[in-house]
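To keep things clear, I will list the structure first and then write my remarks on it.
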Amino acid sequence: MLRKPFLSMTLAASLTFGATVAFAQQPVEAKSNPSVQAFDNKIVKKINVDNIYNMIGLLSETPRVSGTIEEANTAQYIKDQLEGFGLKTEVQEFQFESWRPATDTSLSVNGQVLDYKPRTMTFTPSGDVTAPLAYAGLGTVAEAASAGLSGKIALIQRGSISFAEKVVNAYNNGAVGVIIYNNQGGDLNGTLGNAESGVLPAVGITLQQGNDLLAQLQQGEVTVNLKVVGAANEVVTSQNVIATKPATQKDTGDIIIISSHHDSVPLAPGANDNASGVAVTVEMARIFEDMPTDTELRFITFGSEEVGLVGSDYYARNLSAEEKARIKGVFNLDMVGSKDAGDLVMYTSDGQKNTVTDLTASAAARLSVLPAYGGETRSDHHSFWLQGIPAALYIHSPLEPWYHTPQDTLDKISKEKLLDVAQIVGAAVYQAARPDTPALQRSKVAPREIEYEDQVPSL
Ligand code: BES
Ligand code: ZN
């Protein structure tokens, strides 16, 4: 076990990635209480870090992108491993709408290709339309109705209503494509907000370019070719893998979840993000499988995390109220083994401590590793927090430079880091799950709905 100095307040405060604030915990003296550590040893001595490392090697042979056959194969492989330990295991399939970005866009006027670099609106479909241009002002219901848009490509200015409303209004009046131009300096990267509004090929251009097109239109008819290649709104199928270890004695009705995501971003082998979390989750399943517990343990790997926490959101939303109330903590492992990242950190969605961080702090004090904690919503713990369930993310901070790159490979993985995380999570979970501790008190963390901010403007 690594002995680490306690994180200073200033370091902990610099550990957040978002707008939230990190807090350092009060330094806790490492207690050498042999009887308590003997309990930890019952579980931590079972960890075999080579199992973890080897599984990362296997999983990171290929990217595991949301909705692909590689992701589905990964889920099946994880299921087989968990089943091999004798656990009841299921693959939970789910579907969702996803937008595939365009590979190319172009605009031509009267047969001349313009060097405009039009930006696709997120959720635009692809298309190749040639039609006269028609100006429709801000594209309001009234303006779209009186602009003679039938069979035309609509030229619309940004402002006052959303891009989606402009596109839908143009569509309702028979337009075949939409060009929206900016009302301020710079490129216009926008979103239609959802697939339902992706009814016409729609691109954004600059204010200058829009004014040029408008000036040409005032001289006479302008025929435009608008091309959007490769974009599509499609229904994607993905999977969560869920293994359950029931309580063996004095069942308290409590449930503790250890989770991670098994998908990766395109082109990234995702050894650290997040084969590392999956491999630790699977090793936890192996070592807990035959342990007496008064708490049900669930080992879950989620699909489609990288495209918006989709798998965990599906799982957490579909829990019954009764199940939600029984889940006392979610230990979510995401990026837990990079040589080139900083120290272990726990993040909760609101930056407040909860049952999971408390259990960890207590295990950490015994093991002399003290992670800081802070606020971060960019992983699957957040889906549980939105349902009022105490959850925390385990990650190292600062991040390694290989994050979301093709260089996120096995050679960047540290066995020491993996072992540290496995020991601390194992000890914390065992403290709550073993039969000789009283049932946990329900966490006091207040659930609060929060909205994701759009990555790109919709207005
Ligand atoms: N492993 C990252 C999460 C992460 C990165 C958490 C850095 C904290 C700091 C995760 O797989 C990821 O990349 N998440 C997405 C966000 C999600 C809501 C789509 C991201 O950060 O782009
Ligand atoms: Zn991740």
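The values are calculated or read from the model by the stated rules, or taken from the named source; none is laboratory data. Note that the structure is a prediction, hence the values are computed from the model and not measured. Ideal geometry is used to build each Cβ from the backbone, glycine not excepted, and the neighbour counts take in all protein chains shown. For the accessible areas, the whole protein counts, side chains as well, though only heavy atoms, and no ligand, DNA or RNA atoms are used. Shrake-Rupley method; radii C 1.70, N 1.55, O 1.52, S 1.80 Å.
The combined condition, being at pLDDT 95 or above, open to solvent by less than 80 Å² (accessible area, probe 1.4 Å) and out of contact with any Lys or Arg (no Cβ under 7 Å at 6 or more places or on another chain), is fulfilled by residue 52. Residues of segment 371-397 that are open to solvent by 10 Å² or more (accessible area, probe 1.4 Å), within 9 Å of ligand 1 (Cβ to nearest atom) and either assigned to a loop (DSSP other than H, G, I, E, B) or among the polar types (S, T, N, Q) (or both): 376, 377, 378. Of 279, 316, 268, all but one fail to be in a helix (DSSP H, G or I), modelled with pLDDT of 95 or more and within 16 Å of ligand 2 (Cβ to nearest atom); the exception is 279.
Confirm whether residue 271 is of a type in the set (Gly, Ala, Ser), open to solvent by 10 Å² or more (accessible area, probe 1.4 Å) and on the phi < 0 side of the Ramachandran plot. So residue 271 does not fit the description; no.
Residues in segment 296-304: is at least one within 16 Å of ligand 2 (Cβ to nearest atom), more than 16 Å from residue 393 (Cα to Cα), at pLDDT 95 or above and open to solvent by 10 Å² or more (accessible area, probe 1.4 Å)? No, there is no match, as no residue in segment 296-304 is within 16 Å of ligand 2 (Cβ to nearest atom), more than 16 Å from residue 393 (Cα to Cα), at pLDDT 95 or above and open to solvent by 10 Å² or more (accessible area, probe 1.4 Å). The number of residues in segment 319-346 being part of a strand (DSSP E or B) and either in contact (Cβ under 8 Å) with a residue 60 or more places away in the chain or farther than 28 Å from residue 54 by Cα (or both) comes to 11.
Among all positions in segment 211-219, there is no residue which is among the hydrophobic types (A, V, I, L, M, F, W, C), more than 16 Å from ligand 1 (Cβ to nearest atom) and closer than 30 Å to residue 294 by Cα.
For segment 37-84, the set of residues classified as over 29 Å from residue 234 (Cα atoms) and of a type in the set (Phe, Trp, Tyr) consists of 39, 53, listed by residue number. Scanning segment 289-342 for residues that are touching a strand residue (DSSP E or B) at 6+ places or on another chain (Cβ under 7 Å), of a type in the set (A, V, I, L, M, F, W, C) and at positive phi yields a count of 1. Among the candidates 151, 137, the residue that is open to solvent by less than 30 Å² (accessible area, probe 1.4 Å), in a loop (DSSP other than H, G, I, E, B) and within 30 Å of residue 205 (Cβ to Cβ) is uniquely 137. Among the residues examined, residue 248 does not qualify as surrounded by 19 or more Cβ atoms within 10 Å (Cβ to Cβ) and either in a helix (DSSP H, G or I) or among the hydroxyl-bearing types (Ser, Thr, Tyr) (or both). Restricting attention to segment 402-419, does a residue exist that is within 13 Å of ligand 1 (Cβ to nearest atom), open to solvent by 10 Å² or more (accessible area, probe 1.4 Å) and touching a Phe, Trp or Tyr at 6+ places or on another chain (Cβ under 8 Å)? Looking for residues that are within 13 Å of ligand 1 (Cβ to nearest atom), open to solvent by 10 Å² or more (accessible area, probe 1.4 Å) and touching a Phe, Trp or Tyr at 6+ places or on another chain (Cβ under 8 Å), one finds none in segment 402-419, hence no. Reported count of residues in segment 70-87, each being closer than 12 Å to residue 241 by Cβ and not in a helix (DSSP H, G or I), is 1.
Residue count for segment 347-364 under the criterion of being assigned to a helix (DSSP H, G or I) and open to solvent by 10 Å² or more (accessible area, probe 1.4 Å): the result is 5. Scanning segment 100-123 turns up no residue that is within 30 Å of residue 191 (Cβ to Cβ), charged (D, E, K, R), in contact with a helix residue (DSSP H, G or I) (Cβ under 7 Å, 6 or more places away or on another chain) and open to solvent by 60 Å² or more (accessible area, probe 1.4 Å).
Filtered by the rule that a residue be more than 12 Å from ligand 1 (Cβ to nearest atom) and closer than 14 Å to residue 426 by Cα, segment 247-277 gives 256, 257, 258, 259. Would you check if residue 311 is open to solvent by less than 10 Å² (accessible area, probe 1.4 Å) and assigned to a helix (DSSP H, G or I)? Yes; evaluated as a whole, the condition is true for this residue. For segment 55-81, residues that are open to solvent by 50 Å² or more (accessible area, probe 1.4 Å) and without any contact (Cβ under 8 Å) to a residue 12 or more places away in the chain total 4. Selection of segment 43-71 for residues being more than 12 Å from residue 275 (Cα to Cα) and either over 23 Å from the mean Cα position of the chain (by Cα) or β-branched (Val, Ile, Thr) (or both) yields 43, 44, 45, 46, 47, 48, 49, 50, 51, 65, 68, 69. All told, residue 155 meets the bar of being touching a Phe, Trp or Tyr at 6+ places or on another chain (Cβ under 6 Å), farther than 30 Å from residue 67 by Cβ and not basic (Lys, Arg). Restricting attention to segment 376-386, does a residue exist that is touching a strand residue (DSSP E or B) at 6+ places or on another chain (Cβ under 6 Å), away from ligand 2 (no atom under 15 Å from the Cβ) and modelled with pLDDT under 95? Scanning segment 376-386, I find no residue that is touching a strand residue (DSSP E or B) at 6+ places or on another chain (Cβ under 6 Å), away from ligand 2 (no atom under 15 Å from the Cβ) and modelled with pLDDT under 95, so the answer is no. Of the residues making up segment 316-346, those that are surrounded by fewer than 24 Cβ atoms within 10 Å (Cβ to Cβ), within 26 Å of residue 74 (Cα to Cα) and away from ligand 1 (no atom under 11 Å from the Cβ) are 317, 318, 319, 339, 340. In segment 250-261, of all residues being touching a Leu at 6+ places or on another chain (Cβ under 9 Å) and more than 10 Å from ligand 2 (Cβ to nearest atom), the one that is farthest from residue 391 (Cα to Cα) corresponds to 252.
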